[in-house]
Amino acid sequence: MPDQPLTTENYPLAETSPERVTGHRGKSLDELTLEAVLAGDVGMEDLRITPNALLQQAQIARSAGRAALARNFERAAEMTRVPQDTIMEIYELLRPGRTRSIESLQNTAQRLRREFNAPLLAQLVEEAASAYEKRGLFRNRY
């Protein structure tokens, strides 16, 4: 049943519930064939991980008692909405000694919420900002 929460019984999805696995353009696993690739009917967009696939993995991880892993999958699902250059910009900001103020990270968190509907990623950046402030990491080290 597609609406039932996933559990470890559903893992791996491609084998236990292949009907639940689709790409960004809705192609099923059966449609991802070498012939379809050679015909130009399958592209990179069809092969990328989808937010739904990541959220499904989060459900399975949570059912296995792996809450931290589930949160990572949920954040990863949000990351699929964030452009690659923005992810690299945030990665650079999160490196200790690269950001000079807590406001910079707080503004980044607000941007994640506002522009990309990414509250879990925003929360992670805010937690980093708080930890960096406590540890004195907002100084120019490089």
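Values as computed for the structure displayed
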| read-out | value |
| --- | --- |
| Subset of segment 18-31 [open to solvent by less than 70 Å² (accessible area, probe 1.4 Å), in contact (Cβ under 8 Å) with a residue 12 or more places away in the chain and under 28 Å from Arg66 (Cβ atoms)] | Pro18, Arg20, Val21, Thr22, Gly23, Leu29 |
| Of all residues making up segment 76-93, the number that are of a type in the set (A, V, I, L, M) and over 22 Å from Ala58 (Cβ atoms) | 2 |
| Subset of segment 125-142 (residues that are in a helix (DSSP H, G or I) and buried (at least 16 other Cβ atoms within 10 Å of the Cβ)) | Val125, Glu126, Ala128, Ala129, Tyr132 |
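The values are calculated or read from the model by the stated rules, or taken from the named source; none is laboratory data. Everything numeric here is computed off the predicted structure, so don't read it as measured data. Glycine gets a Cβ as well: all are built from the backbone with ideal geometry, and neighbour counts include every protein chain shown. Accessible surface is based on the protein model in full, side chains and every heavy atom, while ligands, DNA and RNA are left aside. Shrake-Rupley method; radii C 1.70, N 1.55, O 1.52, S 1.80 Å.
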